[in-house]
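Presented below is the structure to which this report refers.
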Protein chains: 2
Amino acid sequence: MITETRVDAETGEWRLSAPRRAERPDDARPTSVGCPFCPGHEDQTPPERMRLPAGDGPWQVRAFANKFPIVSPAGTDGSTATGLFSRFPATGDHEVLVESPEHDWDLRFASTEKALEVLLGLRERARALAAGRPAAVVVFRNYGAAAGASLRHPHSQLVALDQAPPGLAARWRLARGHYADTGRRLVDDLAAAERGTGERIVADNGVLVYQPYAASVPQQTVLFPDDGRGSLADATDDGLAAVARTLPALLRGLAEVLGDPAYNLVVHAGPSDVDARELARWCQWHVEIFPRTTTFAGLELATGLLVNPSRPEETAPELAKAMSAAGR
Amino acid sequence: MITETRVDAETGEWRLSAPRRAERPDDARPTSVGCPFCPGHEDQTPPERMRLPAGDGPWQVRAFANKFPIVSPAGTDGSTATGLFSRFPATGDHEVLVESPEHDWDLRFASTEKALEVLLGLRERARALAAGRPAAVVVFRNYGAAAGASLRHPHSQLVALDQAPPGLAARWRLARGHYADTGRRLVDDLAAAERGTGERIVADNGVLVYQPYAASVPQQTVLFPDDGRGSLADATDDGLAAVARTLPALLRGLAEVLGDPAYNLVVHAGPSDVDARELARWCQWHVEIFPRTTTFAGLELATGLLVNPSRPEETAPELAKAMSAAGR
């Protein structure tokens with residue numbers, strides 16, 4: 001079944017209608033019995049697309065198509081319509097990358113080497129998906145049921161979208177506009193401004209870690225590696241290594257200050273159908289973490305206005321302290 | 001303390017920074033002991049702004065300022081800035097309307113008369129807030145902890161915003177554009193198109209009840225009263241009565257098909273600083289209910305693309321059946 005993109009005539013927003021997603025297993029239990037992501041259950045997943053290390057031995061990282069995809073490669077039964085009931089097929093690709101053979105492991109416990117292995121795996125799969133020149137390759141990690149994770153076994157996901165949704169297009173438009181106006185990258189100017197005030201900086205040792213000025217949730221945190229590339233697919237080894245050195249301690253710090261919160265980790269990146277050199281002029285990949293300890297409500301649904309019951313100037317020092325302790 | 005609106009330089013979206021909200025009581029327990037909204041505890045709320053019936057007798061509906069406001073009337077200590085760290089004071093007003101003296105009551109159990117009393121109370125307070133000519137008066141009801149309700153005692157909220165957030169402005173722009181292009185109201189054309197296909201209609205008896213084509217969550221449902229007014233403040237008695245006859249049975253139907261779900265109820269309306277006659281040309285108030293049985297995740301945060309694991313064509317008939325049974 002081809003999933004469908006529907007355009008909301010009242011807001012212009014896109015919604016994916018993906019009925020098969022409702023059939024997903026809902027298994028956040030801390031047991032590996034029956035877990036399709038555990039070693040020995042490889043036959044329960046769609047065909048393997050990558051394993052690290054390569055070869056026939058035991059794997060440490062493993063990627064395959066998502067069994068309940070949000071988007072799927074173009075078929076023949078998708079239909080298109082315009083007007084008030086506008087729609088088009090939701091084409092693309094949706095992958096799972098299992099980060100470890102261990103069911104109860106978590107990324108926050110990773111050594112730098114292990115975190116780098118996961119990031120290298122994600123870069124390899126992002127490159128493979130980007131090779132088809134979709135509009136976007138979105139990489140993310142959902143941790144905990146409150147963040148939408150339906151399986152506990154540690155994993156990330158990659159989604160290649162053949163069309164860029166309005167929210168993503170708006171983000172790119174602002175970054176391109178800033179470059180057109182100033183000749184500089186918006187993310188660089190933001191990083192410089194954060195370093196200038198210092199009040200929202202969590203760490204700045206190889207990767208700038210800060211809490212954004214207009215954070216929408218408590219302890220929302222950005223990791224900005226200064227590697228000058230526009231997408232994860234183009235990331236340098238040095239950029240990945242810098243994130244690998246920082247991310248586990250940051251996740252331990254968040255677990256400390258918020259009590260092992262659910263969170264979404266998102267890798268922001270530019271379009272995949274633009275030349276890498278051109279892209280890097282106005283865009284730089286970076287990581288953002290959204291802890292899920294708050295709930296949006298009616299006002300947010302009616303207006304899009306998100307209410308943050310905290311200030312990043314107050315939460316960043318807490319996280320800096322916890323992260324520093326966690327790093328030791 | 002003045003709450004602050006911050007503009008996200010990377011997305012253009014607005015975030016309210018409202019630190020006092022974190023001090024809210026979190027009491028969803030089914031006990032009235034210590035509930036500030038229960039009769040006898042009136043001294044625990046800010047000063048009363050309305051009670052129904054008026055006078056000194058026992059109240060059935062009672063309104064007062066929110067003790068933990070998202071926005072507040074303009075003071076002198078709000079500051080404004082532009083550039084990457086753009087901000088301005090989040091001014092406006094935030095009210096609570098307690099719908100019943102009974103702690104364990106719910107709107108789905110309301111008689112038509114009682115539901116009308118609540119709606120008349122909301123209209124009266126919406127009128128009072130609109131009299132100050134804010135940009136918008138947003139009326140909503142959060143039900144259940146998963147929908148952001150921090151207190152169980154049944155209540156609605158009204159928020160007057162002196163500036164319209166980008167998401168709300170975009171919604172109005174589309175409706176105005178449709179009117180400019182066609183001379184018709186977008187909501188009327190949507191209602192006619194829904195009646196034309198019929199496949200997403202839940203009920204159509206005085207109020208059109210349907211599930212939107214581009215629904216973002218399962219069982220998302222619109223109540224469209226054909227009263228020709230642009231805002232709740234201007235709603236006709238007949239329009240309110242029609243909603244009062246339908247809403248409780250609809251809520252009972254949702255409780256039946258989803259197992260008493262958390263939900264947000266939102267009253268969509270046009271700007272409050274536009275003449276009512278002019279507004280009614282392109283805009284019509286209506287109610288939308290968003291059950292909160294799903295969780296958005298990393299893809300949604302990265303792209304704004306919402307994934308609905310169901311189709312309204314499949315869920316609308318279920319709700320129609322349950323609502324019909326609940327109405328008897």
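B:His94 satisfies every condition listed in (1) closer than 13 Å to B:Glu4 by Cα; (2) within 11 Å of chain A (Cβ to nearest Cβ) except (1). Please give the strands (runs of 3 or more DSSP E) falling wholly within region A:165-282 in which 1 or more residues are outside the structural domain of A:Val71 (by TED's automatic domain parsing) and hydroxyl-bearing (Ser, Thr, Tyr). Because the criterion is at least 1 residues that are outside the structural domain of A:Val71 (by TED's automatic domain parsing) and hydroxyl-bearing (Ser, Thr, Tyr), the strands (runs of 3 or more DSSP E) in region A:165-282 that meet it are A:207-210, A:221-225, A:263-268. Going through (1) crowded, with 23+ Cβ neighbours inside 10 Å; (2) free of Cβ contacts under 8 Å to residues at least 60 places away in the same chain one by one, A:Asp227 falls short only on (1). Filtering region B:50-72 to residues that are surrounded by fewer than 19 Cβ atoms within 10 Å (Cβ to Cβ) and either charged (D, E, K, R) or over 21 Å from the mean Cα position of the chain (by Cα) (or both) leaves B:Pro53, B:Ala54, B:Gly55, B:Asp56, B:Gly57, B:Pro58, B:Lys67. Checked against (1) within 17 Å of the chain's Cα centre (by Cα); (2) surrounded by fewer than 23 Cβ atoms within 10 Å (Cβ to Cβ), A:Ala235 passes all but condition (2). Restricting region A:283-302 to residues that are among the aromatic types (Phe, Trp, Tyr) and at the interface with another protein chain (Cβ under 8 Å from one of its Cβ atoms), the residue that is nearest to B:Arg171 (Cα to Cα) is A:Phe296. Among the residues examined, A:Leu247 does not qualify as at pLDDT 95 or above, in contact with a Lys or Arg (Cβ under 8 Å, 6 or more places away or on another chain) and either farther than 23 Å from B:Asp8 by Cβ or away from chain B (no Cβ under 13 Å) (or both). Examine region A:260-268 for a residue that is in contact with a Leu (Cβ under 7 Å, 6 or more places away or on another chain) and more than 12 Å from every other protein chain (Cβ to nearest Cβ), and state whether such a residue exists. Yes, because at least one residue in region A:260-268 is in contact with a Leu (Cβ under 7 Å, 6 or more places away or on another chain) and more than 12 Å from every other protein chain (Cβ to nearest Cβ). Set side by side, the residues A:Ala160, A:Ala130 differ, and just one is under 20 Å from A:Ser72 (Cβ atoms) and away from chain B (no Cβ under 13 Å), which is A:Ala130.
The residues of region B:156-184 that are β-branched (Val, Ile, Thr) and surrounded by 23 or more Cβ atoms within 10 Å (Cβ to Cβ) amount to a single one, B:Val159. Of the residues making up region A:75-89, just one is in a loop (DSSP other than H, G, I, E, B) and modelled with pLDDT of 90 or more, namely A:Ser86. Say whether the condition of being closer than 27 Å to A:Ala242 by Cβ and either at the interface with chain B (Cβ under 7 Å from one of its Cβ atoms) or among the aromatic types (Phe, Trp, Tyr) (or both) is met by at least one residue in region A:270-282. Yes, some residue in region A:270-282 is closer than 27 Å to A:Ala242 by Cβ and either at the interface with chain B (Cβ under 7 Å from one of its Cβ atoms) or among the aromatic types (Phe, Trp, Tyr) (or both). Restricting region A:291-328 to residues that are in contact with a Gly (Cβ under 7 Å, 6 or more places away or on another chain) and among the polar types (S, T, N, Q), which is farthest from B:Thr11 (Cα to Cα)? Ranking the qualifying residues of region A:291-328, first place goes to A:Thr295. Annotation note: of A:Ala115, A:Ala110, A:Ala136, A:Ala130, the sole residue that is out of contact with any Lys or Arg (no Cβ under 9 Å at 6 or more places or on another chain) and either buried (at least 24 other Cβ atoms within 10 Å of the Cβ) or without any contact (Cβ under 8 Å) to a residue 12 or more places away in the chain (or both) is A:Ala136.
Taking the criterion of being touching a helix residue (DSSP H, G or I) at 6+ places or on another chain (Cβ under 9 Å) and more than 21 Å from A:Glu113 (Cβ to Cβ), the residues of region A:39-54 that qualify are A:Glu48, A:Arg49. With respect to the stated conditions, B:Arg15 fails to be within 24 Å of the chain's Cα centre (by Cα) and at pLDDT below 90.
In region B:39-59, is there at least one residue being in contact with a His (Cβ under 6 Å, 6 or more places away or on another chain) and in contact (Cβ under 8 Å) with a residue 12 or more places away in the chain? No - not one qualifying residue is present in region B:39-59. When region A:92-107 is filtered for residues that are over 19 Å from the mean Cα position of the chain (by Cα) and in contact (Cβ under 8 Å) with a residue 60 or more places away in the chain, the ones remaining, listed by number, are A:Pro101, A:His103, A:Asp104. Test B:Ala297 against the stated conditions and say whether it is within 22 Å of B:Thr112 (Cα to Cα), among the small types (Gly, Ala, Ser), buried (at least 18 other Cβ atoms within 10 Å of the Cβ) and not assigned by TED's automatic domain parsing to the domain that holds B:Val137. So B:Ala297 does not fit the description; no.
Here A:Arg125 meets the list (1) facing chain B (nearest Cβ under 10 Å); (2) part of a helix (DSSP H, G or I) almost entirely, failing just condition (1).
Total residues in region B:31-74 satisfying the condition of being modelled with pLDDT of 95 or more, part of a strand (DSSP E or B) and closer than 30 Å to A:Ser216 by Cβ: the figure is 3. Can you confirm whether region B:188-204 contains a residue that is buried (at least 23 other Cβ atoms within 10 Å of the Cβ), hydroxyl-bearing (Ser, Thr, Tyr) and under 22 Å from A:Glu13 (Cβ atoms)? No - not one qualifying residue is present in region B:188-204.
The values are calculated or read from the model by the stated rules, or taken from the named source; none is laboratory data. As the structure is a prediction and not an experimental result, all values here were calculated from the model. A quick note on method: Cβ atoms are made from the backbone with ideal geometry, for glycine too, and the neighbour counts reach across all protein chains shown.
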